[in-house]
Amino acid sequence: MSSNHYIQAFVHIKNETVSLHGNTLLAAPKTDFSTFSKTAYKELGTKYPKFFKMDRLSKLAFLAADVLLKNDKDPQENTAIVLSNRASSLDTDMKHQNTIADAANYYPSPAVFVYTLPNICIGEISIKHKLFSENSFFIFDRFNANYLFDYAESLLKTKKASKVLCGWVEVDAGNYEAFLYLVSDTGAIKHTIKEITRLYKL
Amino acid sequence: MSSTFVSHNNIISSLGCNSQSVVRQVKKETTGLSLVTDERIHPKPFYTSIIPSEKLTESFKEIGVIDQYTKLEQMLILSLKDVIDASAIELDDRVGIIVSTTKGNIDVLEKNSPFPKERAYLSSLGDAVKNFFGLSTEPIVLSNACVSGVLAVATAKRFIAQGRFDHVFITSGDLVTQFIVSGFNSFQALSDLPCKPYCKYRTGINIGEVAASVLVTSKKTGLTPEAVEIIGDASCNDANHISGPSRTGEGLVRAVENAIQEATIETEDIDFISAHGTATLYNDEMEAIAFNRLRMLHTPLHSLKGYFGHTLGASGLLETIVGMHSLHQNTLFASLGYTERGVSKPLNIIEKTTPKQLSTFLKTASGFGGCNTAVIFKKANKNHK
């Protein structure tokens, strides 16, 4: 399957490190996600107070997307967002479950419940960057370059999107990992399954 | 571009265990909602539409070992089996599978669940379906809030257009659980009565459960009589709020405009709208604003939530299937629960089930995270009246 599209930019966040195009932007000492995300917010110059209301999955996706989108010199409001992971919103699901498990200690909260959907992080990115665009959140056993490639190509070919922000954002059992990439008409790296797979593994 | 069709279909709900029997009830304006007392789900009685577990296991034990499958897995497998068997398609690597759900087996997180917590992973739901049928491709689980079911149809079309598959089976479902009901209740979004979409007296939603499955295919041969062609589809985020719909209906307006553009039709060509209509104050108002901006205030419109409640990740697919049968039977189905306009802009709500020659309908859905999806369907068999 051929493509006339390119991976314009990509970002990784894992192991207390944020890297853009494989170059380290931030390397923090080993800690938990909450502490690391605060450090990253500050060090990356993210100015968005609503960040602190988000759940962990949204914080992770938001930070990664922000690095890519604020460095995009040609922002497009119909930049689609196509994300994926394995654990969906299970990290926050457990939190909500803990508020309802015991009848004597029952305190479900809309502020938690709203984050029990994986695509909320797409909403958070769309609000910040004013993206009126196609959204999709997929759950795969592991990173699936084939399906992400097909879906992004289809959106671009049918002109449903002029760019596509794709990738993997996972928060599960204390671990976290984000790999996002921006597909567009221009760039140095061809948009192929092989390249997506290679960059994911960096 | 080549055509894509929605063909074989199944619905399992409190109203019946196949599309024909469920649609027969809808045509008679019979609701599947009833007042249920189950303190494991909600401390006080609530209106819902639930698939009876005993009936479900009765059917499932003929094809699988009951203790190995959760209630949702049994629902999805039974529903999908009906579609796969009817289609007689060989499950090779040209056949994709999409599972549409918001919460999957979330009930396994409850203290008394006999299943391990790992079953709450949505991918394990996909695996259960894949392994049961011996599918050869990786399942695509789609979890995009309340647009999931209709977005799954658009997604199937996109994977087919991209050449990945010739056929895609979609199965969709969510359960009525303490998890979901407590959450919507914390939003004060639940109605104490059967829901009344777009009505002046609406007070919120009812949560319901169904399993719904379809075959999406690029092959024009062997289509069912009620099959439809997917002629346009689009989604658009509101970029406005994560839990409240846009006050201007921006995302929905753009999604419908884009779907109409792809379909190369005019708004007047749409015979009816199967809208989202959850019966919350804000959702229904947003839709009324959006359809007025789109100049579709005269297009007959219904919400099917009065029959099934809001069935979350299945609702968009369920309502697509009912819409297909509505076209085939040339009958507009009533928007159950509606008596008096309760939105600020006029809409042409279908108040009574009425015969009418039909060929095209628009399905829309909106959900948390600001997502909106619109898909336009046209009768595939032109000689069918």
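The values are calculated or read from the model by the stated rules, or taken from the named source; none is laboratory data. All values reported here derive from a predicted model rather than from experimental measurement. Reconstructed Cβ throughout: ideal geometry from the backbone, glycine too, with neighbour counts over all protein chains shown. Quick note on the areas: whole protein, heavy atoms, side chains included, nothing else; ligands and nucleic acids left out. Shrake-Rupley method; radii C 1.70, N 1.55, O 1.52, S 1.80 Å.
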Give me a count of the residues in the stretch B:30-39 that are modelled with pLDDT of 95 or more and either buried (at least 20 other Cβ atoms within 10 Å of the Cβ) or part of a loop (DSSP other than H, G, I, E, B) (or both).
6
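Quick grid of which residues meet (1) in a strand (DSSP E or B); (2) within 25 Å of A:F137 (Cβ to Cβ):
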position: B:K219; (1), (2): no, no
position: B:G222; (1), (2): no, no
position: B:E229; (1), (2): yes, no
position: B:S246; (1), (2): no, yes
position: B:V256; (1), (2): no, yes
Which of (1) touching a Gly at 6+ places or on another chain (Cβ under 8 Å); (2) open to solvent by 50 Å² or more (accessible area, probe 1.4 Å) is the odd one out, the single condition B:K220 does not satisfy?
(1)
Does the stretch A:50-62 contain at least one residue that is more than 14 Å from chain B (Cβ to nearest Cβ), over 27 Å from A:F149 (Cβ atoms) and surrounded by fewer than 20 Cβ atoms within 10 Å (Cβ to Cβ)?
yes
Go through the stretch B:57-87 and give me each residue that's out of contact with any Phe, Trp or Tyr (no Cβ under 8 Å at 6 or more places or on another chain) and free of Cβ contacts under 8 Å to residues at least 40 places away in the same chain.
B:T57, B:E58, B:K61, B:E62, B:I63, B:V65, B:Q68, B:D85
Residues that are hydrophobic (A, V, I, L, M, F, W, C) and within 25 Å of B:E229 (Cα to Cα): does the stretch B:37-46 have at least one?
no
Here is a list: B:K61, B:K111, B:K71. Which entry is modelled with pLDDT under 95 and basic (K, R)?
B:K111
Please determine whether any residue of the stretch A:18-25 is assigned to a loop (DSSP other than H, G, I, E, B) and open to solvent by 10 Å² or more (accessible area, probe 1.4 Å).
yes
Could you list, in sequence order, all residues of the stretch B:119-156 that are closer than 30 Å to A:D102 by Cβ and facing another protein chain (nearest Cβ under 10 Å)?
B:A120, B:Y121, B:L122, B:S123, B:S124, B:L125, B:S143, B:A145, B:C146
Touching a strand residue (DSSP E or B) at 6+ places or on another chain (Cβ under 7 Å) and either open to solvent by 50 Å² or more (accessible area, probe 1.4 Å) or more than 7 Å from every other protein chain (Cβ to nearest Cβ) (or both), is that true of A:L131?
no
Considering each residue of the stretch B:297-342, count those that are buried (at least 24 other Cβ atoms within 10 Å of the Cβ) and among the charged types (D, E, K, R), and give that number.
2
Select from the stretch A:96-124 the residues that are free of Cβ contacts under 8 Å to residues at least 40 places away in the same chain, assigned to a helix (DSSP H, G or I) and more than 7 Å from every other protein chain (Cβ to nearest Cβ) and list them in ascending order.
A:N98, A:T99, A:A103, A:A104, A:N105
For the stretch B:78-106, name all the residues that are part of a helix (DSSP H, G or I) and open to solvent by 40 Å² or more (accessible area, probe 1.4 Å).
B:K81, B:D82, B:D85, B:A86
Take B:R293 and decide whether it is in contact (Cβ under 8 Å) with a residue 60 or more places away in the chain and surrounded by fewer than 22 Cβ atoms within 10 Å (Cβ to Cβ).
no
Restricting the stretch A:136-168 to residues that are open to solvent by 10 Å² or more (accessible area, probe 1.4 Å), facing another protein chain (nearest Cβ under 9 Å) and polar (S, T, N, Q), the one farthest from the chain's Cα centre (by Cα) turns out to be A:T158
Could you please give the count of residues in the stretch B:132-182 that are of a type in the set (S, T, Y) and not in a helix (DSSP H, G or I)?
6
Return the residue satisfying two criteria in turn: it lies in the stretch B:351-367 and is in contact with a strand residue (DSSP E or B) (Cβ under 7 Å, 6 or more places away or on another chain) and crowded, with 24+ Cβ neighbours inside 10 Å, and of such residues it is nearest to B:S315 (Cα to Cα).
B:A365
